[in-house]
Structure formats: C-alpha cells, structure tokens
Amino acid sequence: MADLKISIAGMEFKNPVTTASGCFGYGEEFRDFYDLGLLGGIFVKAVTGSNRNGNKYPRMAETPSGMLNSVGLQNKGVDHFCEVIYPGLKDLNTQIIVNVSGSTIEEYVKVAERINELEGIPAIELNISCPNVKEGGMAFGVVPSTATEVTRAVRDVYKKVLMVKLSPNVTSISEMAKAVVDGGADVLTLINTLLGMAINAETQKPVISTITGGLSGPAIKPVALRMVWQVFKAVDVPIVGLGGIMNATDAIEFMLAGASVIQVGTANLIDPMVAPKIVKGINEYLDRHNIPSARDIIGALKVC
Amino acid sequence: MKKFAHDFQVVGNTRLNTRHFILELKAAVPLPEILPGQFVQVLVHNSPSTFLRRPFSIHFVDYSTNTLRLLVQVKGEGTRHMGMLAPGDTLNLVYPLGNSFSVPATHKVLLVGGGAGVAPLMFMGDYLNKKNIRPDFLVGFRSADEVSQIDEYSKFGKVYLSTDDGSMGEKGFVTQHSVFKQSPLPYDRIYCCGPDAMMHAVSKLAAEKGVACEVSLENFMACGYGVCLCCITQTDKGNERVCIEGPVFDAARLKWQSNG
C-alpha cells in the first residue's frame, strides 16, 4: 500500500483525488454510492453573493467525447449556503473547499468574507473562469491585470488557503498563473471549461440556450495536460489539475505533468462511483511501479 | 430512495416494430422497491458519440423474476447500439431515479401516452391494479404499424387508441380523441407521458375540465441524479431538476415555456 497523502499549502489531503465544483453538488447525491470520507476532498458547487436562477433550458449538449454546459452558476447564494448547506458539510471526513464566484469584485469579496468565518472550511477556490455568465466569471480570468486585482482584493479579506481556478480561454496560461500568484494565490486550479459551441444542423439552431458554453470531458484532456505542464514550469505554487479525467491513468498523467491534487469533474456525471475507483487505481499504479508515495510522481514527467 | 449503479444482464430483446423494442434486464441482486414514473440511466458503450448515459422510463418491473423492462425508441447511435444487445450481454444502470406518479385517492383514472412515452404507463397500470384500481388507457401512435402491446395494456384496464393517420383507432392526436369530448370528463385524475407538445395540450385540456393532471417530463439530462443542474424546468418554485424533483410534476405547477 503506497502512501497516498498529499500536503499542499499546509492542507493535508488523505489522497490526491477530489471532486470538481459543479459536478458533485454538495456531495449529498453521492452518499448513496459511497462513503464521502474516501475522497481527498470535495470542491462544492459555486456560491455567489445572492440567489441565481442560472440560464434557460436547454443547458447541455453531448459532444464528441465530452459535453457542453451552460448552467450559469445556479445557486441559492451565500446566506443559504452558510445556513442550510454548511452544517451538513463541516463534519465530513474529507477536505471541503468552497468555489466562490461573482459578477463584481465586491461580490467575490463579500462571499469570501462570509466563507472565511466558517470553521472546517480550510480553503476557497476563486472561480474567475466560468464561461457561462454575462458579467464577471471568466471576464476576470482572461486579462492578467484584472485577475491580479480580484485575487488581491479577496486575499486581503480571506485568511485561509486561497486557490484560484484558471480559465483555459487565454493566449498564455503561464502569464495568467503568474498574475494570480502576484495577487496572492496559494494554489492554482486548472483548467475550467473551454468555450465551445454546438449546432443542430437539422433545425439550424444552437443546441444550448446561451449559444456558447463550457466544454468538458476527455475531449479537453490534452489541452488541460499541456496547461498544467506549462504552469508547473512557470510558477512555484502547488497545482490542482483537472480536465477530462475519467480514470486513474488520466489522474496519474495530470500528476506527472505537475498536479499535486486532481479533480474529477464530468466523469462523476457518468459513473457515480468513479472517484473512489480512481483512488484505488492510483494506489495500484504506485505499487506496480514500486513508488512509495503519490508525492513522488508530482511533476515527474521524464523529458529527454 | 437509495440509488444504485449495477450491471444488469440482458435476458430479452423484443422488436415491436421498425423503431421500437423492449429490453428485458435481469439484476444480479434483488431489485429494490421501484415506483411507476421512475427512470434509469443507461451506460450505452464507450464510443465518442455516446459519452453520456441515456435516460429511460421503467416500462415494467417483475420482482418474481428480478427483471425490469425498458421500452426504447431508436433515435441515434446509442439507442441503435442498445437495439443490437442480445441475451447474455450486460448493461450498466444507475437506478431507480426520480420521483413517481402519485397514488390516486380515486378509481377514476386515465393514463395518457404517446409514442415511446407510453413506457411508464404499463408499470403504472400494473401498480394501480395491485391497489385495486383499474385505470383507462388512452394511447396514441403515428400509425397502425407502430401500435403495439394493446393486449398487454388491456390486462390492466380499458384501452382507447388513436393514430395520427387514422390507420387504427380514432384519427388524430390523443387530445382529439372522443374520450376528451365527454363533459364532464369521467375521471378525477390524469397521468400523462409523451412528447412535450402532447403533454402540454393534455394538461391544458385537463385544466379546462377541472381534472388534476400529472405529466412525466423528458428533458435532456447529463447525470440523472441531481448534480449537474442541466435538466431543469421552470415551475412555480423557480428552476427545478427534472431528474430529482421530477420527472413527474403536477401539470398546473409547470411554466412550460422552458421546454419549447
């Protein structure tokens, strides 16, 4: 049995496998399938300053080896999160990280301040990369100066571990990574979805209501791996890697590219048992290669 | 209700006509309680164009043989692949999902279905019979060559039939059937499943005639168990998930505009 523990920014993960925001709800729906304590951590669904209804139906299109979504940050707001959702999360035997989003810097700051007060929530993941909202979201994550600005504003009020989730819809991911590290990010999460589009040729209409949406699934894995590798070389902060991870082999590839922790996203929508299977698979891989610890493969890509 | 993800063995694949077939699936473990209106998410196979699971209403449950049946309409690559499954093949299901039709406090019940939307009505008919209720069925198909299983429905209640082209039963949509021309309608409750336009039309008729109506929606969905928030419909409570708060809704609570 290999040692699966990973420590980043002072946080201890019992294994490198966590679930991605927006693909796991608040964990509740998965309790039928397995003990959530088997996970390294859970990144819960995005929380905004107030209630959001999200976008109109249809919000989803199946695309080759992936899916396009445009949910639009539907959630009941930070008050509801603190009062109703948080009590059910705080005692789970896994790391709980809250994904924080907003339309303005003030909204990000307001939500971060509220989450800062919650015991048992060691980190937030700042979502400056959602492609499905008209204001804010990805707009903050595609220009380095605004990314620095929103990160710094949240850093000023948020005293625990600050993770920032990067958008792949940029010219230079390394430049964006440096910008948010300058703003005070402790950890970088990458990648969010790629901006995409699906068309129904028969009806000659877009498939989803917002015309464009966020592409996820194995279709984006090569892009995500490339970006994790580039960011790993560009900055010194730990990386949480995601983008099309469906199995343990995918997860190991992300770790070799430089991710310390990985997130399972879209795969949760297809196989509700996938995350613990990946934990088991990583352990088997390490044993098979006589590698004593999961830490040993982080960024261990052999480049001639 | 607790959900499961299990491999089922295909024990039957019966072709009804050129577009529809019935898969009979046997569970390796005793089936949990399943209610009429609930659905399963089927993992088709690992091809780039069938990435997500496909949702299907549960057509029938037989606890004595530990099997359930799905009525499938061939629409794309996923359903074509399912049509080629043979006894001995396995299929992974996440089940039982969603809510269910309510149990009526009346014996005067009409079950309305159109096309592959008739799927949950067979199970509902059997379920109601076990509660000593014999419902009437009103089922609509495109044409005579797609009419099937009328003898099966007849075991559970009286069957009225319509076809779009009039080749069997009354001509026209189910909403044009003489059953709906009665005034007052001899029913206290209508349960409906079929294309959106049909369910909307039936729910309007039911409202006009003062009869409570439940519809089973079939929105596009990714997960089927409540986490992706893709299958939402607008109701009097805002956006609700068809896969968790539905698929069955009181028709009077729906806004309909979100479903086209």
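Where a number appears in this text, it was derived from the coordinates with a stated rule and is not lab data. Because the structure is predicted, anything quoted here is derived from the model rather than measured. All Cβ positions, glycine included, derive from the backbone under ideal geometry; neighbour counts span all protein chains shown.
Here are a few things to note about the model shown:
- Note on A:VAL223 and A:GLU135: their simple-model spin labels are 2.7 nm apart, each label 7 Å out from Cα toward Cβ.
- In degrees, nearest ten, helix B:119-130 long axis to first principal axis of chain B (Cα): 70 degrees
- The stretch B:185-260 and the stretch A:1-58: distance between their alpha carbon centers, rounded to Å: 31 Å
- In summary, the aspartates and glutamates within cross-link reach of A:LYS134, defined as a Cα separation below 19 angstrom excluding same-chain residues under 8 places away, comprise A:GLU106, A:GLU107.
- Pairs from the list A:LYS277/B:LYS3; B:LYS130/B:LYS237; B:LYS75/B:LYS237 with a Cα-Cα gap above 29 Å: B:LYS130/B:LYS237; B:LYS75/B:LYS237.
- Mean sequence separation of contacting Cα pairs (under 8 Å, at least six apart), scaled by the length of the stretch B:109-216, corresponds to a relative contact order of 28 percent.
- Peptide-level mean, for B:224-237, of C-beta atoms on other protein chains within 10 Å: 6
- Between the stretch A:209-225 and the stretch A:92-132, the Cα center-to-center distance that results, in Å: 23 Å
- What the Cα atoms of the stretch B:4-97 give is an Rg and a Dmax of 12.3, 37 Å.
- The trypsin sites (Lys or Arg not before Pro) of the stretch A:29-131 that meet both conditions, a loop assignment by DSSP and at most 14 other Cβ atoms within 10 Å of the site Cβ, are A:ARG31, A:LYS90.
- Using the Cβ-Cβ distance between B:SER143 and B:SER183 with R0 = 35 Å, the FRET efficiency computed as 1/(1 + (r/R0)^6) comes to roughly 0.75.
- Residues of the stretch A:231-248 with amide N under 15 Å of the 7 Å Cα→Cβ point at A:SER172: A:231-235
- Taking every Cα-Cα distance in chain A and sorting them into 10 Å bins starting at zero, the pair-distance distribution P(r) comes out as 6, 30, 38, 21, 4, 0 percent.
- Mean separation of Cα contacts under 8 Å (6+ apart) over length of the stretch B:4-97, as relative contact order %: 42 percent
- Efficiency of FRET between A:LYS233 and B:SER49 - r from beta-carbon atoms, R0 45 angstrom, step 0.05: 0.80
- Averaged over the residues of peptide A:65-73, the number of Cβ atoms from other protein chains lying within 10 Å of each residue's Cβ is 3.
- For the residue pairs A:LYS45/A:LYS110; B:LYS108/B:LYS158; A:LYS5/A:LYS159; A:LYS14/A:LYS159; B:LYS155/B:LYS209; A:LYS5/B:LYS2, the C-alpha atoms sit more than 20 angstrom apart in A:LYS5/A:LYS159; A:LYS14/A:LYS159; B:LYS155/B:LYS209; A:LYS5/B:LYS2.
- Contour excess over end-to-end distance, with Cα ends at B:ASP62 and B:LYS130 and 0.36 nm allotted per residue: 23.2 nm
- GluC sites (Glu not before Pro) restricted to DSSP loop in the stretch B:11-108 with at most 14 other C-beta within 10 Å: B:GLU33
- When only alpha carbons are used to place a centre, the stretch A:226-246 and the stretch A:138-198 end up 13 Å from one another.
- The angle between the Cα long axis of helix B:196-208 and the main principal axis of chain B comes to about 30°, on a 0 to 90 degree scale.
- Counted without the sites themselves, the longest stretch of chain A free of GluC sites (Glu not before Pro) in a DSSP loop having at most 12 other beta carbon atoms within 10 Å is A:1-116.
- Restricting the stretch A:133-179 to trypsin sites (Lys or Arg not before Pro) that sit in a DSSP loop and have at most 12 other Cβ atoms within 10 Å of their own Cβ leaves A:LYS134, A:LYS159.
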